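Just so it is clear, none of the values below were taken in a lab; they were calculated from the coordinates. All values reported here derive from a predicted model rather than from experimental measurement. All Cβ positions, glycine included, derive from the backbone under ideal geometry; neighbour counts span all protein chains shown.
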Amino acid sequence: MNDLKQLNPAQRLFALLLCLLMLAAGIYSGVLQQRLVNPVLAPLDNQATQALKRSLMLSSASFATARLIDRGIAFVSEAEVGVGVASVKPGQLLKPLQDMAVRYSDLMVLAMTSIGLQLFLLEFGKLAALPLFGTGILLCSVTLLLGPASWRSASTYLLRMFIALLLVIRIGVPMAAFGVAELSDWVLEPQRMAAEALLSSETAALQHVEQPMAKADEGSISWLRQMAAQANDLFAAVKSFSDNMVEKLIQLIVVYSLQTLIFPLLSLWLLWHLGRWFVYRPIPTADATATRSILP
């Protein structure tokens, strides 16, 4: 730095342009990205990718569970218990719960979309962020050094914007994904596992309840007894299922809303405002004076 200050303005300009040329060569040859940036950030990228893939797998499994719940409720809703000409469908009481299960499956689709978008941003950051935003940084730097004085304010803001985008996409997104995964595992994972285990067991028990079938060699009295016993099992299953279903579905909806939607969106919102502050903060007068001092 002291050696740079001892140079005259023309020599300083030449040195800065030479540094930009070396930076451009490192970016476009792939050396800077493949030999320096990606290896340094590889541990963070791997942890973020593993966390997102695990969340995607859990969301897919939860979507399958939601569809299983929907089918289980549909089975009970169509089951009839009757005597003579009268018949009752006790499962019709579960129609609101079936609608909630459908909403839950829709939320899982939205969650998988959110996770897929984050995975895309991770891959985009590893492959294209440095060449794309690095080009903008180089162009703005050249414009700031060689352009007219009227362009310097706009060039400074554009330079900050490209730097902020590079840092947010390449570092901020992996850190946010990993941080959300760690926070979710610490706070939400026990509730999610308990709720899904109970829902799976309740749905499996509900699907095992079947209607009695009359056989040719049995009398009507025997069939009525079987039907009465099966009706009791059916009503008991419906009651147990309805008592636990609403609470657990709401709990899972809250957990997945926080884990795959609210927390990621909140982290991206914070990164956005941090980058916005970096771009739009006032340009100190000293910076402009220092920039003019290096020009011939």
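Below are the figures for this structure:
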item: Listed peptides 104-113, 180-189 by packing density, highest first (mean Cβ within 10 Å); result: 104-113, 180-189
item: Projected label distance in nm at W269 and S29, using a 7 Å step from Cα toward the beta-carbon; result: 4.5 nm
item: FRET efficiency, T135 to R276 (Cβ-Cβ, R0 22 Å, nearest 0.05); result: 0.50
item: Rounded to whole Hz, the Karplus (6.51, -1.76, 1.60) HN-Hα couplings of segment 173-181, x for glycine and proline; result: 5, x, 5, 5, 4, 5, x, 5, 5
item: Sum of side-chain charges, V109 neighbourhood, beta-carbon under 12 Å (Lys, Arg +1; Asp, Glu -1); result: +1
